[in-house]
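> My structure is below; once you've seen it, I'll send some questions.
The values are calculated or read from the model by the stated rules, or taken from the named source; none is laboratory data. This is a predicted model, so every value here is computed, not measured. Here the Cβ is made from the backbone with ideal geometry for all residues, glycine too, and neighbour counts use every protein chain on show.
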Amino acid sequence: TVCLHNTRLGMLHPQAVTRNAFGDANYYNLCPSHPDARAYVRALVADVTHSYRPDRIELESPSFMGFAHEYHHEKDGVGLTPEDDFLLSLCFCPSCLARAAGAGIDGEAARKRVGQWIVETCERAVPERRFPDFPASGLDAFLPWPELHAYLIWRFEPVTSLVAELREVAHPATKVVIIDLKDGWLGGCDLAALGKVCDGAILCAYDMQAGDVASLMAAGRATLGSEKFLGAGYRLFYPEMAAPDILAAKVKPALAPDVDGINFYNYGLVPAARLDWIGGALPV
């Protein structure tokens, strides 16, 4: 179930979308801090789970989204670095600033810092890394700027509390799991915190080799604990999955006993002939 990734609703309700440090709207991303966006997703999850009683509902994008996310005719002539993309994705909409202020966080100071850095990026003749180790360095890269670091830590709260509300409104018999990425913290997802308020997670093993998938699953299980659902998500896109044996090798780590399920994305976007590879990658 797609939660906050909705360009149509964003265009119809621009007051409810994420906005960067300059107030520019990201119409594809409803903001997890905005009351109307939260009410919409609660109603969606309640309707689906109470009307159809699925065994499990999977929450896609209940969070902040990246800047480079296929906006119409998207172009980058600047040469944005990974940290630039992250900074441009940060939301400073009125709802975020008000919610952060309620938690004692100076979001306006963070907004000014981010805006200054983005301006500097756009004034350079060629790209220059501000944080060469980003995103591997995580949020620790921002520790020298306390107001910004505090805002980035606070950013987990709207996402975690929204997922908690979705678990509350969902039918009790339906498990609620999130779909997350290896670096989900970029979008405000704290897997440990989310695991405490929902029933588990599907971790996307996109662009990963088999060894990396094994590490991702091990880390996910350690974070979620033994009682929560843990699934692996794969894309069937070419050239990421260029042959049946490549798919089988990457899927193999997810066949471990402590992994509860496997998702393949997306049946509607790949040739039927490639779907046949799935059978060979799974045990009979």
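> Which pairs do you get when a residue that is aliphatic (A, V, I, L, M), found in region 154-174, comes within reach of a residue that is modelled with pLDDT under 95, reach meaning Cβ atoms under 7 angstrom, with the pair 6+ apart or on two chains?
Partner pairs satisfying both residue conditions: none exist.
> How many residues does region 33-48 hold that are touching a helix residue (DSSP H, G or I) at 6+ places or on another chain (Cβ under 8 Å) and surrounded by 12 or more Cβ atoms within 10 Å (Cβ to Cβ)?
Count: 10.
> Specify which of the listed residues (LEU59, LEU30) is farther than 18 Å from ARG99 by Cα, surrounded by 24 or more Cβ atoms within 10 Å (Cβ to Cβ) and in contact with a helix residue (DSSP H, G or I) (Cβ under 8 Å, 6 or more places away or on another chain).
Result: LEU59 is the single residue among LEU59, LEU30 that is farther than 18 Å from ARG99 by Cα, surrounded by 24 or more Cβ atoms within 10 Å (Cβ to Cβ) and in contact with a helix residue (DSSP H, G or I) (Cβ under 8 Å, 6 or more places away or on another chain).
> Considering only region 98-111, I want to know if a residue exists there that is closer than 28 Å to VAL2 by Cβ and assigned to a loop (DSSP other than H, G, I, E, B).
Yes.
> Determine which single condition PRO172 fails, assuming it passes every other condition in (1) part of a loop (DSSP other than H, G, I, E, B); (2) in the same structural domain as ALA109 (by TED's automatic domain parsing).
Failing condition for PRO172: (2).
> Scan region 193-215 for residues that are over 19 Å from PRO135 (Cα atoms) and not in a loop (DSSP other than H, G, I, E, B) and report the count.
11
> Here are the criteria: (1) within 30 Å of LEU30 (Cβ to Cβ); (2) surrounded by fewer than 18 Cβ atoms within 10 Å (Cβ to Cβ); (3) without any contact (Cβ under 8 Å) to a residue 60 or more places away in the chain. Tell me which single one ILE246 does not satisfy.
Tallying (1) within 30 Å of LEU30 (Cβ to Cβ); (2) surrounded by fewer than 18 Cβ atoms within 10 Å (Cβ to Cβ); (3) without any contact (Cβ under 8 Å) to a residue 60 or more places away in the chain, ILE246 fails exactly one: (1).
> Next question. Any idea which of ALA21, ALA25, ALA100, ALA109 is more than 28 Å from ASN263 (Cβ to Cβ), among the small types (Gly, Ala, Ser) and surrounded by fewer than 16 Cβ atoms within 10 Å (Cβ to Cβ)?
ALA109
> Among the helices (runs of 4 or more DSSP H) contained in region 1-92, which hold 2 or more residues that are touching a Cys at 6+ places or on another chain (Cβ under 9 Å)?
35-52
> Quick one: which of ASP260, ASP190, ASP212, ASP199 is touching a Leu at 6+ places or on another chain (Cβ under 9 Å), among the acidic types (Asp, Glu) and surrounded by 14 or more Cβ atoms within 10 Å (Cβ to Cβ)? Show your work before the answer.
Working: ASP190 fails: touching a Leu at 6+ places or on another chain (Cβ under 9 Å); ASP212 fails: touching a Leu at 6+ places or on another chain (Cβ under 9 Å); ASP199 fails: touching a Leu at 6+ places or on another chain (Cβ under 9 Å).
Only one candidate qualifies: ASP260.
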